[in-house]
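Bear in mind these aren't lab numbers, they're just calculated from the coordinates by the rules spelled out. Just so it is clear, the structure is predicted and the values come from calculations on it, not from any experiment. With ideal geometry, Cβ positions are generated from the backbone for all residues, glycine too; neighbour counts draw on all protein chains shown.
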Amino acid sequence: MISRTKSLILSLTVLVALCCNACGVYSFTGTSISPDIRTISIQNFENSAGEGPSNLTQVVTNSFKNYYQRNTNLTVLQRDGDLQLEGQIVTFTLTPNAVQRDGNIDQATLNRLTLGIQIRFTNAKDPEQDFDQQFTITEEFPPTVDITNIPPAAIDRMTERLVADVFNKTVANW
């Protein structure tokens with residue numbers, strides 16, 4: 001009797017999960033994409049900040065494309081998607097964050113890297129969801145690290161966090 005009850009509960013759970021996922025209103029990644037939205041176009045992000053590694057535009061652009069492909073069923077197009085993302089890198093700066101006085105000299109004990117992108121989002125099916133907004137993320141580094149020696153893994157980590165913020169604003173409605 002117990003195994004039959006468990007089997008029934010499991011069957012109902014699977015059925016509900018399939019129905020929720022199939023209708024396109026809810027997914028297990030937290031997105032709430034309308035069923036009539038099937039494509040997204042993500043343009044190359046230009047680096048108008050003029051700082052950062054030479055491959056920063058490629059890192060940011062590829063991070064966006066990979067994240068949306070991994071976490072949605074949307075097809076990524078070159079242009080004219082149902083959803084459209086375009087933007088530019090507007091900030092890549094390393095500034096002293098924690099300053100400590102040593103005699104008459106102020107020295108940074110931590111530096112803060114700020115990475116900022118300006119995003120223009122267009123929803124061709126629902127223009128009320130369009131926005132143009134800046135997203136910024138920071139990370140702390142020891143004073144021995146200068147802007148030309150930021151570890152690539154740190155830039156990847158920061159970019160992933162920015163992409164997650166944009167993702168949540170565009171398709172998770174957070």
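The label-point distance for GLN133 and LYS169, in a model that sets each label 7 Å from Cα toward Cβ, rounds to 0.4 nm. Extension gain, VAL145-ARG157: 0.36 nm per intervening residue step, less the Cα-Cα distance, totals 2.7 nm. Remark: spin-label model distance LEU110-ASN55 equals 2.9 nm, labels positioned 7 Å along the Cα→Cβ axis. Divide the volume of the convex hull around the Cα atoms of segment 33-101 by the residue count and you get 119 Å³ per residue. Sorted from longest to shortest, the spans of the Cα atoms of segment 57-149 along the three principal axes equal 62, 25, 18 Å.
Estimated from the Cβ-Cβ distance and a Förster radius of 41 angstrom, the FRET efficiency linking ASN97 and ASP126 is about 0.55.
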